[in-house]
Amino acid sequence: MLRLYDTRQRGVAEIVPARPGQLRMYACGPTVYRFAHVGNMRTFLLCDLIRRNAERHGWSVIVCQNITDVGHLADDNEPDPDGEDKVLSQARAEGKSALDVARFYEDAFWRDCAALNIGRPDYAPRASESIDLMIDMIAKLIATGHAYPVTGGSVYFDARSAPGYGAISGNRLDDLRPGYRFADGVDTGKRFHADWALWKAAPADRELTWQAPWGTGFPGWHTECSAMSLKFLGTQIDIHTGGIDLRFPHHEDERAQSNSIAGHEVVRHWVHGEHVLFDGRKMAKSTGNVVLLSDVAARGLDPLAVRLAFLEHRYRQQMNLTWDTLAASDGTVRRWRELVADWANEPSKPICAEYWSRLTTALDDDLDTPAALRTLRELAKDRAIPAGSKFETFAATDRILALDLVSLVGKPRSAPLPEEADAMLGERAAARERNDFAASDRLRDALADLGVAVRDTPEGQAWTVRPAPRNAC
Ligand code: AMP
Ligand code: ZN
């Protein structure tokens with residue numbers, strides 16, 4: 001049985017899909033105004049890990065993940081519709097249209113997901129293409145007394161109309177302090193300080209505005225996730241994921257909106273991923289410690305080293321990333337691939353039941369990936385287990401961990417050149433140039449002893465390196 005920590009229930013819950021055999025999951029997606037950093041990618045990995053584990057249980061999984069390309073303001077608690085929309089301000093900085101910027105960073109996001117083996121969602125609706133859905137939802141909320149339009153064309157959700165508001169974050173309406181702008185009376189139409197904008201009135205000359213029955217404007221950020229999740233997944237959603245910072249106000253507001261439409265609790269389990277720190281501080285553009293996947297590749301590291309570095313920690317632990325930890329993960333990923341390829345050459349044997357049971361128990365236990373990795377390390381070293389069984393067990397686990405551990409199976413491999421061989425090859429080339437064939441032959445034999453086979457071609461020396469036998473990681 002798969003168990004996950006449910007933020008609303010404040011405990012680990014057994015995941016039982018509302019529809020037997022089918023898990024429906026909604027993941028808050030990226031705001032596409034810049035390259036996603038690897039911290040963002042850890043949050044999207046959470047959804048992928050849940051999906052892969054659910055599939056191991058034989059469930060079919062339907063995932064919807066939105067693309068925010070309009071409406072996410074730099075400060076979303078701000079009632080002021082002139083607040084900076086993240087996509088619009090980036091478009092201005094790049095001298096492009098907002099949608100050009102959004103499509104560019106969205107494409108980059110999908111490439112990063114592919115490099116990290118994060119599967120594509122079944123539905124990936126864009127906010128800018130879902131405005132009708134949102135307008136319909138807002139109209140229903142007004143009709144049922146959960147929302148109210150104000151003079152000027154904005155529409156607010158009435159927070160006090162949502163029983164149980166605050167259950168995810170622990171924030172109570174009475175405890176929420178009025179924002180300074182509200183206190184100053186800038187937004188005169190709002191009835192209660194904790195109400196939030198479902199629709200924000202804006203001048204028609206602002207890029208990305210739409211006509212709504214209440215006036216020209218654009219949707220508030222929280223509006224999109226309710227409208228899209230209800231449309232693509234219905235009113236029974238098994239799991240909703242996101243980063244821990246989305247608990248409030250984003251998920252709290254989304255829950256209030258969706259429950260008010262459905263008349264019941266829509267999301268069964270809220271699952272949040274903790275943040276990545278880099279060199280001790282939360283990775284964020286504003287902190288200036290952002291690492292992109294392209295930075296990782298530029299250092300010659302495999303992108304999946306990032307995936308492994310994340311798996312070394314539980315998703316709901318904060319984790320500190322450094323270049324040293326990434327280099328260590330890169331070494332492990334490459335070594336495991338070589339080992340798995342070696343084991344694949346040995347006689348085939350069934351999966352090792354004892355290790356497989358330990359691996360799946362760990363993964364079912366609130367995605368205890370560190371325990372799963374410890375088990376793999378132990379298995380790699382266990383001399384009592386035949387190589388064929390090690391291969392099968394690693395290959396099966398890799399369908400969940402997705403580190404491409406079978407990528408070298410059946411491929412010709414060349415081991416790295418031993419350190420001393422580099423200089424010897426240089427000496428041998430020099431010896432041949434001065435026609436010192438005795439020295440050249442002596443060096444060829446010495447290189448052969450190091451596992452480097454040299455041959456002479458019209459273009460000069462060529463060599464292959466024999467991989468050294470490996471027994472353990
Ligand atoms: P955004 O594209 O800004 O909407 O953020 C996308 C996701 O990344 C959200 O779910 C955030 O909670 C999450 N996130 C932002 N910073 C970090 C971080 N340092 N570590 C992990 N997740 C993060
Ligand atoms: Zn969302």
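The values are calculated or read from the model by the stated rules, or taken from the named source; none is laboratory data. Keep in mind it's a predicted model, so treat the numbers as computed, not measured. Methodologically, a virtual Cβ is constructed for each residue, glycine included, from the backbone with ideal geometry; neighbour enumeration extends over all protein chains shown. These area figures cover heavy atoms from the full protein model, side chains too; ligands, DNA and RNA do not enter into them. Shrake-Rupley method; radii C 1.70, N 1.55, O 1.52, S 1.80 Å.
Miscellaneous remarks
- Taken along the Cα-to-beta-carbon direction at a fixed 7 Å, the label points for Ala143 and Lys285 span 3.8 nm.
- Alpha carbon Rg of the range 1-45, scaled by the compact-globule rule 2.2 N^0.38 Å: 1.53
- Protection proxy ranking, peptides 221-229, 165-173, 91-99, 134-142, average beta carbon neighbours within 10 Å, highest first: 221-229, 134-142, 165-173, 91-99
- Here the chain exposes an accessible surface that is 49 percent carbon and sulfur, computed with a 1.4 Å probe and the other protein chains kept in place.
- Percentage of interatomic Cα-Cα distances in the range 325-379 larger than 15 Å: 59
- Stokes-Einstein D (µm²/s) once Rh is taken as the Kirkwood radius of the chain over alpha-carbon pairs, at 10 °C in 1.306 mPa s: 63
- Here the 3J(HN,Hα) profile of the range 149-165, calculated from phi with Karplus coefficients 6.51, -1.76 and 1.60 at θ = phi - 60°, is x, 10, 4, x, x, 7, 10, 10, 7, 8, 4, 6, 8, 10, x, x, 4 Hz, Gly and Pro shown as x.
- Shape summary: the range 342-440 maps onto an equivalent ellipsoid whose semi-axes, from the alpha-carbon gyration tensor, are 44, 15, 12 Å in decreasing order.
- Student exercise, the chain dipole from Lys, Arg, Asp, Glu Cβ charges, in Debye to nearest 20: 960
- Computed over the alpha-carbon atoms, the range 97-231 gives an Rg to Rh ratio of 1.02, Rh here being the Kirkwood radius from the mean inverse distance.
- Residues whose amide H falls under 5 Å from that of Gly220, counting only those 5 or more places apart or on a different chain, are Trp199, Lys200, with hydrogens built in the peptide plane.
- Whole-Å distance, taken between Cα centres, linking the range 6-58 and the range 300-338: 20
- The range 278-401: relative contact order as a whole-number percent, Cα under 8 Å and 6+ apart: 26
- Given charges at beta-carbon only (K, R positive; D, E negative), |dipole| of the range 91-135 in Debye: 120
- Dividing the mean sequence gap of close Cα pairs (under 8 Å, 6+ apart) by how many residues the chain holds gives a relative contact order of 16 percent.
- Values of log10 I(q)/I(0) for the range 419-465 across q = 0.21 Å⁻¹ run -0.62, by the Debye formula with one identical scatterer at each alpha carbon and no solvent.
- Look at the dipole of the chain built from charges on Cβ: of Val32, Ala371, Asn320, the Cα furthest out on the positive end belongs to Ala371.
- Cross-link table Lys140/Lys200; Lys200/Lys231; Lys349/Lys390; Lys86/Lys140; Lys140/Lys231; Lys86/Lys285, entries beyond 19 Å C-alpha to C-alpha: Lys200/Lys231; Lys86/Lys140
- Taking the inverse of the mean 1/r over every pair of distinct Cα atoms in the range 1-123 gives a Kirkwood hydrodynamic radius of 16.3 Å.
- At 1.002 mPa s and 20 °C, Stokes diffusion of the range 153-293 via Kirkwood alpha-carbon radius, µm² per second: 125
- Peptide ranges 423-432, 30-39, 395-404 listed from the most packed, as the mean C-beta count within 10 angstrom indicates: 30-39, 395-404, 423-432
- Area accessible to solvent at Asp295, 1.4 Å probe radius, in Å²: 60
- Subtracting the Cα-Cα distance of Glu84 and Asp132 from their residue separation scaled by 0.36 nm leaves 15.0 nm.
- Across the alpha-carbon atoms of the range 3-273, the computed radius of gyration and Dmax are 18.1, 56 angstrom.
- Using only the C-alpha atoms, the convex hull of the range 243-340 corresponds to 133 Å³ per residue.
- Spin-label proximity, Arg374 to the range 295-335 - amide N less than 20 Å from point 7 Å beyond Cα toward beta carbon: 308-320, 329, 332-333
- Positive-end residue of Gly21, Met424, Thr216, charge dipole of the chain with Cβ unit charges: Gly21
- Near Asp324: Cβ cut-off under 11 Å, other residues only, Lys/Arg at +1 and Asp/Glu at -1. The net charge is -2.
- Summarising the strand pairing of the chain, around 55 percent of its internal DSSP beta bridges are antiparallel.
- Convex hull volume of the C-alpha atoms in the range 278-401, normalised per residue: 106 Å³.
- Computed from the C-beta positions of Arg10 and Glu346, the FRET efficiency with R₀ = 60 Å rounds to 0.80.
- Using a probe of 1.4 angstrom and keeping all protein chains present, the accessible surface of the chain works out to 44 square angstrom per residue.
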